[in-house]
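Take a look at this one; I'll ask things after.
Values in this text are rule-based calculations from the coordinates and carry no lab data. Please read these numbers as outputs of a predicted model, since none were measured by experiment. Cβ sites come from the backbone with ideal geometry, for glycine too, and all protein chains shown count toward neighbours.
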């Protein structure tokens, strides 16, 4: 564990989605956050990220509480549930909208795939790849205000995307974020392209709500999996645009199975609940975690 020279109040958070039982990897991440806060006489916060109303269930939320208590973790109450704070995310969207940094995207997944398939026929138009797959080609970015108004008037479903090129011009300078292990990092928000920040059925997104929540809850350090390293580049941009607090990031390795696959909620055998039911003592969890690192 890295011990820091403390100049600000250390506040870490663990923010699971109640869409299934926590697995061993979640336990590892939660303990890293908890242990780091304890080592610096700081605060550990539990947040519930439940904006996906189709997959998130209250019974899984109770399971999260039970599993974390079994691990010996404690947190202040009441906890923040994202589904209870959509007004906060709307204010952030409104600010970006007033800066004319958002545009409506009417493309369905099929529309995007069709355009990508068409572009592969022209070598100079081959789609760019990002950490989440092929980057959105920007189809709706070029619609005129009249075309957008007509589609909205027809109630065509749309998402709100961040105009990345315009956002970077608005910033007008390089942005940096701090990695706890590697130091200062030059932010490259273009890794995700014109990312979706809200949809009709989900009035916010992970990327938007997480930076808003971290600001409101005065989080100082975000300790999360290496798979979200790319997101820190985008989050630094959103923090700047929305005048939010910056945080220090640390990206821990992911737990993987013997065949190299990362742990997932669908792997019932390594959920914290199944481990607990098998008779494993919570004090032995660190040794079990090391088997998957």
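What's the percent breakdown of Cα-Cα distances in segment 146-293 across 10 Å bins, shortest bin first?
9, 29, 27, 22, 10, 3, 0
Same structure again: Can you tell me the orientation of helix 58-70 relative to the chain, as the angle in degrees between its alpha-carbon axis and the longest Cα principal axis, to the nearest 10?
40
How large is the Kirkwood hydrodynamic radius of segment 54-101, in angstrom, based on all distinct alpha carbon pairs?
Working: mean 1/r = 0.0739 Å⁻¹.
Result for segment 54-101, one decimal place: 13.5 Å.
Among 12-22, 144-154, how do they line up by average Cβ neighbours within 10 Å per residue, starting with the highest?
Put in order of decreasing packing, that is 12-22, 144-154.
Let me ask something else about it. Over what distance in Å are the Cα centres of segment 189-238 and segment 127-164 separated?
Their Cα centres are 19 Å away from one another.
For the chain, take the longest principal axis of its alpha carbons; what is the angle in degrees between that and the long axis of helix 109-119, to the nearest 10 within 0 to 90?
Orientation of helix 109-119: about 60 degrees from the principal axis.
Let me ask something else. Could you state the principal axis extents of the C-alpha atoms in the chain, from the largest down, to the nearest angstrom?
62, 42, 38
Arrange the following residues from fewest to most other Cβ atoms within 10 Å of their Cβ: 108, 278, 209. Can you show the working numbers first?
Values: 108 11, 278 8, 209 24.
Arranged by neighbour count, lowest to highest, 108, 278, 209 become 278, 108, 209.
Return one number: the angle in degrees, 0 to 90 and rounded to the nearest 10, between the long axis of the Cα atoms of helix 86-98 and the longest principal axis of the Cα atoms of the chain.
Around 40 degrees separate the two axes.
For segment 1-116, report the translational diffusion coefficient in µm²/s to the nearest whole number, using Stokes-Einstein at 25 °C, 0.890 mPa s, and a Kirkwood Rh over Cα pairs.
Values: Rh = 17.0 Å.
It comes out at roughly 144 µm²/s.
What 222 nm value per residue comes from the helices of the chain, counting each DSSP H run with n ≥ 4 as -39,500 (n - 2.57) and dividing by all residues, nearest 500 deg cm²/dmol? All intermediate terms of the calculation are to be shown ahead of the outcome.
Numbers: 10 runs with 106 residues, N = 293.
It lands at -11000 deg cm²/dmol.
Evaluated at 25 °C with a viscosity of 0.890 mPa s, what Stokes-Einstein diffusion coefficient in µm²/s does segment 167-217 have when Rh comes from the Kirkwood expression over alpha-carbon pairs? Each step should come with its number before you reach the end.
Working: Rh = 13.2 Å.
Once the numbers are plugged in, D ends up at 187 µm²/s.
Separate question: Taking only Cα atoms of segment 85-209, what ratio of Rg to Rh do you get with Rh as the Kirkwood inverse-distance radius? Let's see the in-between values first.
Details: Rg = 16.0 Å, Rh = 16.2 Å.
Rounded to two decimals, Rg over Rh is 0.99.
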